[in-house]
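**Q** This is the structure I have questions about; it appears just below.
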Amino acid sequence: MRKKIGIITGSGPEAGVDLWQKILEENKLFLKDDFQGDLDAPNVTVLSVPELGHSMELEKNYNRVWETLENAIRDICKRVDYFAIACNTLNLYSNKIEKIYLKHKFISTFDVVKDYLVENSLKKVCIVGALPVIQMKEYSVFKPLIDTFNIEVPKDLKKVHELIYDVKKYGGDSHKVINDFRIIVDKVESNNIFLACTELPLIKLKYKDKNLIDVTQLLARKLVEKSF
């Protein structure tokens with residue numbers, strides 16, 4: 001019997017929908033010709049908690065967000081074998097998840113990004129995400145990467161953070177959102193750019209000369225693999 005998958009979302013809720021959709025896509029790719037329809041889809045539980053939106057200002061809300069997240073984790077783990085958090089910022093709490101003895105069920109964005117770097121022999125990349133993530137300080141899940149890899153971040157961190165709020169408000173189809181994102185990406189030196197915020201892959205922008213790597217897609221792929 002296949003393992004059950006869980007998604008914790010709410011920061012923002014569209015990110016959970018996006019991850020779920022990508023799980024369904026990756027499931028079809030994994031099964032190939034063996035996929036016949038609904039009965040071959042994975043068992044997925046989605047738990048959306050609006051209070052997790054406080055993670056956008058994590059420094060002010062660190063304990064409050066963890067209390068909310070811990071309750072969500074304990075709840076969803078009653079029903080699933082593996083879970084992911086559809087928010088790169090919230091993946092920072094990996095160590096706390098380990099202390100409540102549920103780390104073995106958790107698939108983190110850090111793990112899938114590091115695996116991608118190693119598997120593709122990448123030494124220099126850019127990570128674009130919310131302010132707590134790209135500051136590469138104590139509130140960044142990706143901070144340990146700078147010890148091994150050359151990690152670039154966008155030049156104007158505040159602009160990126162504002163862009164993420166705009167995606168939440170106006171959507172990824174907004175001309176302003178698309179143009180602002182293009183300006184940010186154009187200033188990045190690295191050819192490989194991790195979109196390390198679940199709102200960023202929602203922006204309808206394509207590049208020929210830069211590889212925009214959707215961390216949500218990597219997470220979906222790993223969850224599907226774990227389900228078999």
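**Q** If you add up the charges near D186, with Lys and Arg at +1 and Asp and Glu at -1, over every other residue whose beta carbon is less than 14 angstrom from its beta carbon, what do you get? Working shown, then result.
**A** Numbers: positive: K155, K159, R182, K187, K206, K208, K210; negative: E152, D156, D180, E189, D209.
Once all neighbours under 14 Å are counted, the net charge is +2.
**Q** Between segment 89-103 and segment 52-84, what is the separation of their alpha carbon centroids in Å?
**A** For segment 89-103 versus segment 52-84, the Cα centre distance is 9 Å.
**Q** Take each of the peptides 215-221, 183-189, average the number of other beta-carbon atoms within 10 Å over its residues, and list them starting from the highest.
**A** Highest-to-lowest ranking by the protection proxy: 215-221, 183-189.
**Q** Next question. Keeping all protein chains in place, calculate the accessible area per residue for the chain (probe 1.4 angstrom), answer in Å².
**A** Details: 11740 Å² over 228 residues.
Accessible surface, normalised per residue, equals 51 Å².
**Q** Going by amide H atoms built from the backbone, whose H comes under 5 Å of the H on K4, apart from near neighbours?
**A** D81, Y82
**Q** Expressed as a fraction of 2.2 N^0.38 Å, the rule-of-thumb size for a compact globular protein of N residues, what is the C-alpha radius of gyration of segment 34-129? Each step should come with its number before you reach the end.
**A** Working: Rg = 15.7 Å, N = 96, 2.2 N^0.38 = 12.5 Å.
With N residues counted in segment 34-129, Rg over 2.2 N^0.38 Å equals 1.26.
**Q** Let me ask another. Amide H of F142: which non-local residues (sequence gap of 5 or more, or other chain) have their own amide H closer than 5 Å, using H built in the peptide plane?
**A** Residues meeting the criterion, in which the H sits 1.01 Å from N, do not exist here.
**Q** Hey, can you rank 64-76, 128-140 by average C-beta count inside 10 Å, highest first? Walk me through the numbers on the way to the answer.
**A** Numbers: 64-76: 17.8, 128-140: 21.3.
Top of the packing list down: 128-140, 64-76.
**Q** Which entries of K4/K143; K3/K123; K60/K168; K114/K226; K28/K204; K22/K105 show an alpha-carbon separation above 27 angstrom in the structure shown?
**A** On the way: K4/K143 30 Å; K3/K123 34 Å; K60/K168 20 Å; K114/K226 17 Å; K28/K204 23 Å; K22/K105 19 Å.
In this structure, K4/K143; K3/K123 exceed 27 Å between Cα atoms.
**Q** Could you pull out every residue, at least 5 positions away or on a different chain, whose amide H is within less than 5 Å of the one on T198? Hs are placed 1.01 Å off N in the peptide plane, and Pro or chain starts have none.
**A** The list, which skips near neighbours in sequence, is N88.
The values are calculated or read from the model by the stated rules, or taken from the named source; none is laboratory data. Computed from a prediction, not measured in an experiment: that's the story for all the values here. Glycine gets a Cβ as well: all are built from the backbone with ideal geometry, and neighbour counts include every protein chain shown. Note: areas computed on protein heavy atoms with side chains; ligands, DNA, RNA excluded. Shrake-Rupley method; radii C 1.70, N 1.55, O 1.52, S 1.80 Å.
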